[in-house]
Amino acid sequence: MTGTRPWESPEITGWRRLRRNAVDRREGSVPLDGDWRFQLLPAPDAPLGEEWSSLVVPGPWTMQGTSDLPHYTNAQMPWPEIPPLSPAANPTGVHERDFDVPADWAGRRIVLQVGAAESVLIAEVNGRRIGIGKDSHLASEFDVTDTVRAGGRNTLRLTVVKWSDASHIEDQDQWWHGGITRSVLLYATDPLHLADVHITAGHDGSLRVDCQVRGPLPRGWYITGDLDGTALAQDTEFDRVNREDDRVSEFLGEARLSARVPDVRPWSAETPFLYGLTVRLHRADGSVADTSRHRIGFRTVRIRGRDLLVNGERVFIRGVNRHDFDPLTGRTVTEAQMRADLETMKRFGFNAVRAAHYPNDPALLDLADELGLYLVDEANIESHDHAHEIADDPRYLPAFLDRVSGMVLRDKNHPSVIIWSLGNESDYGANHDAAYGWVRRHDPTRPIQYEGAAKTDWFSTTVASDIVCPMYASMEEIVAHATSGKQTKPLILCEYSHAMGNSNGTLSDHWEAIESTPGLQGGFVWEFWDHGILQRLSDGRPAGPGTTDGFTAGVAAPGYRWAYGGDFGDTPNDGVYCADGLVFPDRTPKPAMYEHREIAAPLRLTYDAGLLRVDNRQHFRDLSWLAGEWELSAEAAGTRTAPAELPHVPPGGHADIPFPRELLDGLPTDHGAVWLTLRLSTAVDEPWAPAGTEVCTPQVLVPEGRPARGTGATPVRRIPTSGPGTSAGVVLDAEGRLVSPLLTAPPVLSLWRAPTDNDLLGGVAEHWHRLGLDDLVREHVSTDRHEDRVTVRCVYRTAGGVVEHQQAVSRLPDGGLLIEETAVLPEGVTDVARVGTVFETVGGPERMEWFGQGPWETYPDRRAGGPVGHHRARITELFTPYLRPQESGGRSGVHALSLLSDTGGGLSVRLDAPRQVSVTHHRAADLAAAAHHDELVPRRGCVVHIDAMHRGLGTASCGPDTLPRYRSGPGTYHWSWLLRAV
């Protein structure tokens, strides 16, 4: 390797790096993690300096106080050089530490394993170069037997070059870092050792274990295995062909073990039952030379027609994409953090993960096996910016084959892995076909997917993808494909419902289409994390490992903020596009998580003709793991609860259950509509949640509280014109505006919202700006007074025409005010953000109580996860702190609300129909003007929006906008509301 530049040589995928395999060597190894000596050089060929600093390994240097900071791009490369070149300014980290090799390792084979390094690793031991590795997300192993001194002190130096030819195929939508990001360890084996173990376990109980030993082997050596203590049999037919004179083959050292397990308990995401398998290599005297332990699941995956089957059942894939991420340590995550990720996914109804866009740490696959999640294991290949050129570039062919085969060789024994992926967003070319052919030959038990191949022709049976796995296809497109009569493969969206900011609109509509259309089988939401890095405001640098006071419940603490692209001076960058997850950077769930939880609920509840029906939506499990409680809510009658006894319902079955009529006893006659909720929780401890963890809240409407046929929608009602409360000095000014000690700004028409990320990137925010909806001017006011009723008519001039607004205000006998409003939008004013009223209160109210959907945020096209009921929250808790400030905090289906101070005073609002309402301490203009939350100054009072119509959210930042039924059109809108002091 003398004289070469391996960081600009795509043909070099590694040098003296060992073949990857499925034998786990973590047990019994010597960890080398901790504090290392460190120097950051400006380029790979720069001379080493005299001074060393300290760095924690594993951990990228970009998060540990160096001059090289994180850099965010989505598709574009952060520098202009074309493949396979790298920039001259190329940060290079030199990591060095001393270590001791146990004395009893003398005479053994000793291996160094570096879990991951971004992007080119050059390893030296005791001043001697021992190897080179590429692929920032697979381990590199080197045989150091002849280099280290057993029983003595040794020096290890790992040099990591940040930018390389490999960077061009690791162009993924995430922060760029540099360094060693997974653990470093040392292990020892017998010189003759198990080189690989390949396990095939079917849900019918069939088991085959193929073993390899690097020969030549002495006479009499042999391999045994047991499954939870029961010995496996030698495959005599295999032995007859591959053995001679009672010796394992001297070339490969192959052996095969087999068994048929009676009454096997199959593995699935719902029932992740694991067995313990141990494989041993014996010397001729029977002593054990090497051991390989595995936790295996008996599981079969196959495609039949256009269905993906797990254990013979067509399963829905309720998936999410996941990157390695932590706001303090970047790409380095611990096993505890990975467990927390997967437990959170399970609690919110996800049963599948796409490892976007690279093989994850082996610990995550162990956890997916244990907790029960289907995995799409994806090779570390994405050449987004130069995809077309690289797909057919033979110089990159070795890298494609190396990365795909390395993933398969390492992960093939995990039951959680049900699909191999050839990578992401790299066009489609001969390099993909070659990789597909290798996988198909090595592991015929799993399907292979690659979106770039599948999108060339959804009907093709010859491209390198067994699954049609599009990105962000619309519902119309996927339904049309499935109903075309020409579909040949399962359709599972590899990315859909882009979770950027206040998003994931129409998620329930997607799943209505998927569940009702044969040929559609699910997909993976993009994505799990908001990639906000915790940044100190004092110096603008990453807070770094060990920070303990920087955030809570999704909110960065004073003195910090969540940084996104450009906040570290990184140019070029793609801004806030990295904040597109279902959880905040600290793993706090966003409201959209509750939407998915309800859509993916294991039980569905329906009501008809006085009967309740439960449907078991699971594929392999009955309902015995769930506990239930009935909850009945009516606006004028509070909340009542009663125990719920769930019937035995097999997977895919249903049963009728009696209505809990005792909850209706004694309801007042004017209680209004009644909502019945079945709150389901875990009955016993699950691997991913303790007993009592809420699982879902299916709900049905009982019209007027009388069990009768049909559910229907809550009817528009007449607001009662008498009730508790006083006028509290409420008067009308000369123009009919409400003036009150409770209000600092009178109610006016609102047609605009602080643009969401979807609004901005989807173009609708610019449409609103062109119309002038963000700066409405009230003009041509006329007032008509009649006794205690004042009617105010005005117009707002927009670029699309004149909007007419009428507000009739009637004083009620008890001093309250009834406000009846009408807005007329002309033909040129289309697709507005909202049609409604906004007003502001004085300071004082700090909590809200309401009857409607909640307790978390809901919107017209994202409301399945918010059951109707009585809710309460602090005003500050109503606001959702998306990384870039934007419209948030809305609640759908609100019938009535009260804004109260901590001493009890405040105001109440009753609505003519369930409406969209938001109450925060921020005006829309304040939110729109801020780039980060540290720039926001909350107002003392509350900003209250009551909307007759509110536009859906959609996912237009990347994917389809909201559906037409969630958008406004020209026409006349009516709404009314009752305001009282309390």
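The values are calculated or read from the model by the stated rules, or taken from the named source; none is laboratory data. None of these values were measured; they are calculated from a predicted model. Counting neighbours? That spans all protein chains shown, and the Cβs are built from the backbone with ideal geometry, glycine included.
In table form, for the structure just shown:
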| item | result |
| --- | --- |
| Candidate set: the stretch 316-367, residues that are among the charged types (D, E, K, R) and in a strand (DSSP E or B); chosen: the one surrounded by the most Cβ atoms within 10 Å (Cβ to Cβ) | 354 |
| In the stretch 835-869, residue farthest from residue 941 (Cα to Cα) [restricted to those that are modelled with pLDDT of 95 or more and among the aliphatic types (A, V, I, L, M)] | 864 |
| Residues of the stretch 344-391 satisfying the condition of being touching a Ser or Thr at 6+ places or on another chain (Cβ under 6 Å), closer than 13 Å to residue 416 by Cβ and of a type in the set (Asp, Glu) | 369 |
| Subset of the stretch 871-925 (residues that are buried (at least 24 other Cβ atoms within 10 Å of the Cβ), part of a loop (DSSP other than H, G, I, E, B) and touching a Lys or Arg at 6+ places or on another chain (Cβ under 6 Å)) | 887 |
| Members of the stretch 368-406 found to be assigned to a helix (DSSP H, G or I), among the aliphatic types (A, V, I, L, M) and surrounded by 24 or more Cβ atoms within 10 Å (Cβ to Cβ), listed by number | 368, 390, 399, 404 |
| Test for residue 476: is it free of Cβ contacts under 8 Å to residues at least 24 places away in the same chain, surrounded by fewer than 18 Cβ atoms within 10 Å (Cβ to Cβ) and assigned by TED's automatic domain parsing to the domain that holds residue 439 | yes |
| Residue check for residue 865: buried (at least 23 other Cβ atoms within 10 Å of the Cβ) and under 27 Å from the mean Cα position of the chain (by Cα) | yes |
| 1 or more residues over 23 Å from residue 743 (Cα atoms): qualifying strands (runs of 3 or more DSSP E) within the stretch 762-848 | 778-786, 789-798, 801-811, 817-825 |
| Failed item in (1) in a loop (DSSP other than H, G, I, E, B); (2) closer than 30 Å to residue 508 by Cα, with residue 946 passing the rest | (1) |
| Residue in the stretch 197-215 that is buried (at least 21 other Cβ atoms within 10 Å of the Cβ), within 30 Å of residue 90 (Cβ to Cβ) and under 36 Å from the mean Cα position of the chain (by Cα) present | no |
| Subset of the stretch 552-593 [surrounded by fewer than 24 Cβ atoms within 10 Å (Cβ to Cβ) and either at positive phi or aromatic (Phe, Trp, Tyr) (or both)] | 553, 554, 559, 560, 566, 568, 569, 575, 577, 587 |
| Close pairs from the stretch 519-541: first in contact (Cβ under 8 Å) with a residue 60 or more places away in the chain, partner surrounded by fewer than 24 Cβ atoms within 10 Å (Cβ to Cβ) and among the hydroxyl-bearing types (Ser, Thr, Tyr), Cβ under 8 Å, at least 6 apart | 519/483; 534/547; 534/560; 537/560 |
| So residue 71, is it touching a His at 6+ places or on another chain (Cβ under 9 Å) and either surrounded by 15 or more Cβ atoms within 10 Å (Cβ to Cβ) or free of Cβ contacts under 8 Å to residues at least 12 places away in the same chain (or both) | yes |
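Each row is one residue, and each column tells you yes or no for (1) in a loop (DSSP other than H, G, I, E, B); (2) surrounded by 15 or more Cβ atoms within 10 Å (Cβ to Cβ).
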| site | (1), (2) |
| --- | --- |
| 23 | yes, yes |
| 26 | yes, no |
| 35 | no, no |
| 47 | yes, no |
| 54 | no, no |
